[in-house]
Amino acid sequence: MFTTAALSYFLLAFSVTIEGTSSRITKVIIFLFLNKVTPWIALVLIIGLTVTICWQRAKFFIRSLIHKDRVGGRQRLAYILFTISMLYAVLISGYAMLFIQIVMAEINKDFAFGLHESREVIFYLYKVNRLIYHVILFVISAGYSLLLLLMRAFYRAIYFEKVSINITLKSGQMLEGKYIINHNLDNGILIADSFKRSDRSKMLIPKANIETITFNRVDYSFGEKRTKSKLDYKEIEMKNEFDQLVKQWRKDQIHKHSNF
């Protein structure tokens, strides 16, 4: 959401003029992005994120930092990663904005629309009958989307959380370390040995057969399970209370992982 908002703001707030009489703030923005240093910073960030996702040694290094027991160290790492992500988001949004503005200015000149600012060309794109301009704009938009996906993949790779459950059946049998696949299927809950829906160990447990359930937070880094994290265990009655708890947990997870 941040990157989309940033790109929209850049497109509407800044514009390139044909006569080269852009506002002072626009010239400053152009200078910040089109100097000799900033493109290299953007390139290093793109390569760094790609290497972190694909290279095993980089994964091991970051995983070792995340797994450290020192809370202060993990907090500093979180601040560093947050700063890097914000810088990455601003840079790719800014470059996408500049490239689009340059194309708009060329369209304005080529078709002699007589507009003073490139952003006004947005409302005249339906008059552009040359395929090359539409292709270029599509490529810029697609490249921007792919770079956003790279950032999301980076964050999903370095750390994510799942919740496992321990089930005590009324028969006295215990099922430990299971994951909920579907919390309400044929008046039962569908569980498996992992959180993946493709897991072949899935089994359906009728809610009427369940005595209690305890929840555990399990942390993952680059697909590998960390040691079980501390979480307040809570015994719950079944039926409505269980459904409400699961719905609230799912809502919290969606909110937690919608940062960008």
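The values are calculated or read from the model by the stated rules, or taken from the named source; none is laboratory data. Since the structure is predicted, the reported quantities are computational estimates derived from the model, not experimental observations. Every residue, glycine as well, gets a Cβ built from its backbone with ideal geometry; the counts of neighbours run over all protein chains shown.
Can you tell me which of 167, 181, 140, 191 is in the same structural domain as residue 52 (by TED's automatic domain parsing) and either of a type outside the set (S, T, N, Q) or without any contact (Cβ under 8 Å) to a residue 60 or more places away in the chain (or both)? Full working, then the answer.
On the way: 167 fails: in the same structural domain as residue 52 (by TED's automatic domain parsing); 181 fails: in the same structural domain as residue 52 (by TED's automatic domain parsing); 191 fails: in the same structural domain as residue 52 (by TED's automatic domain parsing).
140 is the lone residue from the list that is in the same structural domain as residue 52 (by TED's automatic domain parsing) and either of a type outside the set (S, T, N, Q) or without any contact (Cβ under 8 Å) to a residue 60 or more places away in the chain (or both).
Pick from 199, 219, 186: which is charged (D, E, K, R) and crowded, with 16+ Cβ neighbours inside 10 Å? Steps first, answer last, please.
Details: 199 fails: crowded, with 16+ Cβ neighbours inside 10 Å; 186 fails: crowded, with 16+ Cβ neighbours inside 10 Å.
Step by step, each of 199, 219, 186 is checked, and only 219 is charged (D, E, K, R) and crowded, with 16+ Cβ neighbours inside 10 Å.
Of (1) under 15 Å from residue 144 (Cα atoms); (2) modelled with pLDDT of 70 or more, residue 2 satisfies all except one. Which?
So residue 2 meets the others, but not (2).
Please determine, by comparing only the residues of the stretch 105-114 that are touching a residue at least 24 places away in the same chain (Cβ under 8 Å), of a type outside the set (S, T, N, Q) and buried (at least 16 other Cβ atoms within 10 Å of the Cβ), which one is farthest from residue 136 (Cα to Cα).
105
Name the single residue, out of those in the stretch 126-146 being part of a helix (DSSP H, G or I) and in contact with a Phe, Trp or Tyr (Cβ under 8 Å, 6 or more places away or on another chain), that is surrounded by the most Cβ atoms within 10 Å (Cβ to Cβ).
For the stretch 126-146, the residue satisfying everything is 140.
For the stretch 45-104, which positions are surrounded by fewer than 14 Cβ atoms within 10 Å (Cβ to Cβ) and either at pLDDT 85 or above or in contact with a Lys or Arg (Cβ under 8 Å, 6 or more places away or on another chain) (or both)?
47, 67, 68, 87
Looking at (1) among the β-branched types (Val, Ile, Thr); (2) modelled with pLDDT of 85 or more; (3) farther than 23 Å from residue 153 by Cβ; (4) surrounded by 11 or more Cβ atoms within 10 Å (Cβ to Cβ), find the lone condition where residue 37 falls short.
Evaluating residue 37 over (1) among the β-branched types (Val, Ile, Thr); (2) modelled with pLDDT of 85 or more; (3) farther than 23 Å from residue 153 by Cβ; (4) surrounded by 11 or more Cβ atoms within 10 Å (Cβ to Cβ) leaves (4) as the failure.
Are any of the residues in the stretch 115-130 closer than 25 Å to residue 89 by Cβ and of a type in the set (Phe, Trp, Tyr)?
Checked the stretch 115-130: no residue is closer than 25 Å to residue 89 by Cβ and of a type in the set (Phe, Trp, Tyr).
Scan the strands (runs of 3 or more DSSP E) fully inside the stretch 152-202 and keep the ones with 1 or more residues being closer than 22 Å to residue 59 by Cα.
Details: elements: 160-169, 174-185, 188-192.
Of the strands (runs of 3 or more DSSP E) lying wholly inside the stretch 152-202, those with at least 1 residues that are closer than 22 Å to residue 59 by Cα span 160-169.
Determine whether the stretch 205-212 contains at least one residue that is in a helix (DSSP H, G or I), in the same structural domain as residue 42 (by TED's automatic domain parsing) and of a type outside the set (A, V, I, L, M, F, W, C). Steps first, please.
Here is the first cut: in the stretch 205-212, the ones in a helix (DSSP H, G or I) are 207-209.
After this cut, where a residue has to be in the same structural domain as residue 42 (by TED's automatic domain parsing) as well, the list is none.
Checked the stretch 205-212: no residue is in a helix (DSSP H, G or I), in the same structural domain as residue 42 (by TED's automatic domain parsing) and of a type outside the set (A, V, I, L, M, F, W, C).
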